[in-house]
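Peer 1: The structure under discussion is supplied below as structure tokens; questions concerning it will follow.
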Amino acid sequence: MSKNIKKFISVKDLDFNFIEKIFYLASNFKKESLNFNFEKEIISLLFYENSTRTKKSFQIAAENLKCKIIDFEIKTSSIQKGENLKDTIQTLLNLGSRIFVIRHSISQIYKSLIKEFEEENIYIINAGDGSNEHPSQALLDLFTLYEDVGGFKELKNKNLVIIGDCLHSRVARSNIYLLKKFGINVSLVGPRALIPSCFEELDVKIFHNLKEGLSKADFIMVLRLQKERQEHSFLNNINEYIKNFGINEENLKANEINIKNIKILHPGPVNRDVELSSEYMDNKNISLINQQAKNGLFIRMALLYDFLNQL
Ligand code: CP
């Protein structure tokens, strides 16, 4: 086993064998609770941005594997005295931690870290970097789709529409890269301001109205309107967004889209009754959102298990 830095940064680095292994482990962890023996390992959770699902599922996954956890509190740490991320990681490494789960507002923050720590036997896990990638989210989304259709072969040629704020979305980018590897037809729907022309390079169809965009959809992945990242006003008016792109009964009826043929995903958190109606969100026949959250735990447990065995 190499003693250099290891990384889980981008879905672009993941091959089919790795994903198959992670899904196999996640399915087993879901079925039965096993005894693990990683008491000596310390996993650091460094969340520079807010999180519920990702942070708590990594935490419970680490606890299930019997690891120790450093639940790093940004607000009460020496980061408030000006300590940078590199020095923070070095300090936690000195204390014995070898896996670092990091969420950060800066896209590609990992590039410099990987250089700084290239000779260390540690794992850097991207838990979401700016608007760049969120690889564990895309894996749990793919796993949820895989379970829903019943296998990898069945995913081929399914039509999945990502709708909403693609501009700011690391979830959209990771899912586009990952789902296309499995033969899923990915298209994007939303206002021009939230789907800039750079997405055309990713070989996805782009639509700016619901009727065309959703006409063949098997799955809709609704994205949160990221109000906190809208420094400039990308949207004139939230009500106008809801009227044109909100996934709700009124809009789908008006655009002759039959919701009975569609399943809905959302990475969360949801702005209820903005990008998605409460009625659809809470409808268990339509919504896969609770499955996504549950699968997040087992996918992250499988990832940590695999990574711990590589150290
Ligand atoms: N989907 C997701 O990343 O949610 P959190 O921000 O709650 O982790």
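The values are calculated or read from the model by the stated rules, or taken from the named source; none is laboratory data. What you see is a predicted model, and the numbers here were worked out from it, not measured in a lab. Cβ coordinates were reconstructed from backbone atoms using ideal geometry, including for glycine residues, and neighbour counts include every protein chain displayed. Only protein heavy atoms, including side chains, enter the accessible area calculation; ligands, DNA and RNA are left aside. Shrake-Rupley method; radii C 1.70, N 1.55, O 1.52, S 1.80 Å.
Peer 1: Can you work out which of the residues in the range 264-295 that are away from the ligand (no atom under 16 Å from the Cβ) and more than 13 Å from Asn248 (Cα to Cα) is most open to solvent (accessible area, probe 1.4 Å)?
Peer 2: Lys284
Peer 1: Of the residues that make up the range 173-183, is at least one open to solvent by less than 20 Å² (accessible area, probe 1.4 Å) and more than 28 Å from Tyr24 (Cβ to Cβ)?
Peer 2: no
Peer 1: Any residue in the range 261-279 that is touching a residue at least 60 places away in the same chain (Cβ under 8 Å) sitting within a Cβ distance under 6 Å of a residue that is in a helix (DSSP H, G or I) and not polar (S, T, N, Q)? List the pairs, counting only those 6 or more apart or interchain.
Peer 2: Partner pairs satisfying both residue conditions: Pro267/Val171; Gly268/Arg53.
Peer 1: Can you run down the residue pairs with Cβ atoms below 6 Å, 6 or more apart or on separate chains, where the first is in the range 120-145 and over 24 Å from Ser27 (Cβ atoms) and the partner is away from the ligand (no atom under 13 Å from the Cβ) and in a strand (DSSP E or B)?
Peer 2: Ile122/Arg98; Ile124/Lys7; Ile124/Phe100
Peer 1: Now, a different point. Name the residue that is nearest to Gly130 (Cα to Cα), counting only residues in the range 207-255 that are of a type in the set (Gly, Ala, Ser) and modelled with pLDDT of 95 or more.
Peer 2: Just the residues of the range 207-255 that are of a type in the set (Gly, Ala, Ser), to begin with: 213, 215, 217, 233, 246, 254.
So of that shortlist, the ones also modelled with pLDDT of 95 or more come out as 213, 215, 217, 246, 254.
Values: Gly213: 27, Ser215: 31, Ala217: 28, Gly246: 24, Ala254: 35 Å.
Filtering the range 207-255 for residues that are of a type in the set (Gly, Ala, Ser) and modelled with pLDDT of 95 or more, the one nearest to Gly130 (Cα to Cα) comes out as Gly246.
Peer 1: Please determine whether any residue of the range 189-206 is of a type in the set (Gly, Ala, Ser) and within 16 Å of the ligand (Cβ to nearest atom).
Peer 2: Going through the range 189-206, the residues of a type in the set (Gly, Ala, Ser) turn out to be 190, 193, 197.
Among the residues that remain, those that are also within 16 Å of the ligand (Cβ to nearest atom) are: none.
The answer is no; no qualifying residue exists.
Peer 1: If you don't mind, another one. State which residue is least open to solvent (accessible area, probe 1.4 Å) when the search covers only the range 126-146 and only residues that are assigned to a loop (DSSP other than H, G, I, E, B) and more than 10 Å from the ligand (Cβ to nearest atom).
Peer 2: Looking at residues that are assigned to a loop (DSSP other than H, G, I, E, B) and more than 10 Å from the ligand (Cβ to nearest atom), I get Gly130.
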